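To start, the structure itself, in structure tokens.
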Amino acid sequence: MALPKINPTHTKAWTKLQKHFDSIKDVHMTQWFSENKNRATDMTIKWRDFYVDYSKNRMDAKTMDLLLELAEETQLKAAIEKQFQGDVINETEGREVLHTALRSPITSKIMVDGEDIIPEIHEAKAKIKAFTDDVVEGKRKGFTNKAFTDIVNIGIGGSDLGPAMVVEALQYYKNQLTTHFVSNVDGDHVNEVLKKLNPETTLFVIVSKTFTTQETLSNANTIKDWFLKSASKGDIAKHFVAVSTNIENVKGFGIDESNIFPMWNWVGGRFSLWSAVGLSISLAVGYDNFDKLLAGAHEMDEHFKIEDFKTNIPVVLALIGIWYTNFFESESEAVIGYSQYLNQFATYLQQANMESNGKSVDRNGDKVTYQTGNIVWGEPGTNSQHAFFQLIHQGTKLIPADFIGFAKSLHGNKDHQDKLMSNFIAQTEALLNGKSREEVISEFKAQDTSEAAIQQLTPFKIFKGNKPTNTLLIDQLTPESLGKLVALYEHKIFVQGVIWNVYSYDQFGVELGKQLATKILKELNTTDQLADHDSSTLNLLAYYKQLT
């Protein structure tokens with residue numbers, strides 16, 4: 001069964017929300033905190049090791065009630081059920097969307113084309129475990145009988161961003177292996193990585209569903225050529241493995257069939273880190289930690305599937321996002337992780353979110369007349385405070401922000417952790433309250449500033465405040481909590497796609513550029529007359545060829 005196809009702007013709830021927005025859009029959040037002493041408690045969700053405070057948002061209880069009405073009118077509950085039970089909700093590609101199945105326990109049962117897919121998922125997990133254990137324990141060796149010291153993941157998009165983000169986030173849990181990622185077709189990228197490697201002790205993981213992706217195969221072939229300067233073709237089987245569905249192409253590359261790990265059509269690339277695409281994660285931190293990552297994600301799946309929408313973390317955060325995107329007309333949201341381990345988290349979310357919901361045609365095939373998707377960006381705190389927080393605090397744009405922090409550090413330095421978390425908490429307070437003219441003048445007077453300087457400088461030091469934030473405070477960064485966090489944002493994306501009435505799991509927008517690049521590449525390598533292009537493109541091609 002397909003997803004419902006309901007234009008959200010045609011619902012009663014949308015009309016009510018617009019009217020409600022007009023009545024509260026200029027209210028300062030501090031007014032609601034003054035009127036309701038229980039606001040923070042009322043607008044906080046405590047679940048397992050997660051504490052989610054959404055009270056610092058430009059909304060009141062009625063706002064959330066109306067957003068929940070919108071979720072009901074767009075049949076969100078039915079859509080969630082359809083996803084988890086394996087309906088073909090990716091209609092444009094005729095596929096199920098079952099990355100959630102990858103983290104389901106072996107006792108589950110999920111049918112695709114009349115077959116229960118759980119046994120094959122757990123068969124693949126067993127293969128990942130056995131392979132990981134052999135590499136980590138030094139049982140599987142290279143062509144000179146040396147244990148592996150380095151792993152190189154060769155992929156792009158979902159075959160790179162997810163594993164790279166998780167491996168960095170879980171660096172505290174890493175074993176003796178050093179993991180590298182090669183993604184960009186830029187030859188300088190792959191060659192800089194190769195400079196660090198010893199061919200005798202490096203294992204390469206090629207991740208490509210079709211084994212035809214230009215960037216991935218270009219890098220894989222460059223790496224193979226480098227490897228063969230030290231080894232023979234027969235040694236490729238010991239040093240290269242693949243995650244792919246194209247068995248023949250993989251074997252043609254020289255990889256032994258026993259070293260091919262499966263991919264499935266019902267898993268989208270940007271949601272595939274839970275599958276064998278996460279082999280590099282398992283190798284980097286050990287299979288047990290990889291399994292804990294999946295277990296944490298499954299806990300969030302169950303919360304999302306069962307919890308009442310009022311206290312359902314992904315649903316609440318998704319609805320808040322819709323409130324800002326469609327009514328305040330905010331075009332971006334910042335994700336600020338107060339942990340250096342989350343350095344690549346916003347980068348990962350960019351693809352997950354923007355490739356999913358960056359759509360201008362709805363599920364009916366009609367052009368949408370409202371905003372869908374948003375620009376996701378961010379950087380870890382406190383670095384971000386010294387980079388772009390000026391824009392959030394005093395700029396002209398309304399930028400909702402998610403603050404993600406962990407109460408306990410991993411290395412146990414309480415002095416550093418207290419300083420980090422004081423900033424984490426202080427920034428959301430500053431964004432809420434701002435600083436009034438009276439406060440600025442009072443500070444100046446306390447510093448014996450002259451009246452002339454006070455008059456001159458006061459306007460520049462006023463902060464309006466009323467800047468919205470969500471605070472996600474988690475006990476500690478563990479494989480389980482990271483799994484929950486990533487799954488939370490996956491489900492948030494799904495909820496918004498359902499309500500916006502778009503297909504979140506196709507990405508036709510990335511294909512045109514690839515098609516044209518193939519055409520232009522041929523032209524760069526021929527002396528024939530260039531094909532028909534616009535004048536700008538023709539000039540660029542001619543100038544590039546002249547330089548090279």
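Rank these for me by crowding, F261, F460, going from fewest to most other beta carbons within 10 Å.
F460, F261
Counting DSSP beta bridges with both partners in the chain, what percentage is antiparallel, nearest 5?
Working: 14 of 45 bridges.
Roughly 30 percent of the beta bridges in the chain run antiparallel, per DSSP.
Using the structure shown, select from K82/K109; K209/K251; K25/K367; K292/K484 the pairs with a Cα to Cα distance greater than 20 angstrom.
Numbers: K82/K109 15 Å; K209/K251 14 Å; K25/K367 28 Å; K292/K484 10 Å.
Flagged as over cut-off: K25/K367.
Quick one: angle between helix 414-433 and the longest Cα principal axis of the chain, in degrees between 0 and 90, rounded to 10, please.
Computed tilt is about 50 degrees.
Mind giving me the nanometre distance, one decimal, between the label points for K522 and E35, set 7 Å out from Cα along Cα→Cβ?
6.5
Could you give me the ³J(HN,Hα) list for segment 534-543, computed from phi with Karplus coefficients 6.51, -1.76, 1.60 and θ = phi - 60°, whole Hz, x at Gly and Pro?
5, 5, 5, 5, 4, 5, 5, 4, 5, 5
Which ³J(HN,Hα) values, rounded to whole Hz and listed in residue order, are derived for segment 54-71 from phi using the Karplus coefficients 6.51, -1.76 and 1.60 in 6.51 cos²θ - 1.76 cosθ + 1.60 with θ = phi - 60°, glycine and proline given as x?
10, 6, 8, 10, 7, 7, 10, 4, 5, 4, 5, 4, 6, 5, 5, 4, 4, 4
What's the center-to-center distance, using Cα atoms, between segment 73-144 and segment 374-421 in Å?
For segment 73-144 versus segment 374-421, the Cα centre distance is 34 Å.
Taking R0 as 41 Å, what FRET efficiency do you get between L538 and E93 from their Cβ-Cβ distance, rounded to the nearest 0.05?
FRET efficiency, L538 to E93: 0.75.
Skipping prolines and chain starts, which residues have an amide H placed within reach, meaning under 5 Å, of the one on I206, given they are 5 or more residues away or on another chain?
Under 5 Å from the amide H of I206 lie the amide H atoms of I154, V241, A242, V243, each far enough along the sequence or on another chain.
What's the angle, to the nearest 10 degrees (0 to 90), between helix 313-322's Cα axis and the longest principal axis of the chain?
Computed tilt is about 70 degrees.
What list of ³J(HN,Hα) couplings, whole Hz, do you get for segment 73-78 from phi and the Karplus terms 6.51, -1.76, 1.60, once you set θ to phi - 60° and write x for glycine and proline?
For segment 73-78, the Karplus-derived couplings read 5, 8, 6, 4, 4, 5 Hz, x marking Gly and Pro.
Once the Cα atoms of helix 214-228 and of the chain are each reduced to a long axis, what angle between those two axes, in degrees from 0 to 90 to the nearest 10, is obtained?
50
Determine, for K82, K25, the number of other Cβ atoms within 10 Å of each Cβ, and report the residues in order from fewest to most.
Working: K82 20, K25 10.
Sorted ascending by nearby Cβ count, the order is K25, K82.
Mind listing the long-range amide H neighbours of F406? Cut-off is under 5 Å, sequence gap 5 or more, other chains count too, H placed in the peptide plane at 1.01 Å from N.
Under 5 Å from the amide H of F406: I474.
Check T178: other-chain or 5+ apart residues with amide H under 5 Å from its amide H, H built from backbone geometry?
D150, I151
Taking only the C-alpha atoms, wrap a convex hull around the chain and report its volume per residue in Å³ as a whole number.
Working: hull volume 110.0 nm³, N = 548.
Each residue corresponds to 201 Å³ of Cα convex hull volume.
Could you line up T471, T212 from fewest to most neighbouring Cβ atoms inside 10 Å?
Numbers: T471 20, T212 11.
If I rank by nearby Cβ atoms, fewest first, I get T212, T471.
Every number here is computed from the coordinates shown, using simple stated rules; none is lab data. Just so it is clear, the structure is predicted and the values come from calculations on it, not from any experiment. In this analysis, Cβ positions are derived from the backbone assuming ideal geometry, glycine residues included, and neighbour counts consider all displayed protein chains.
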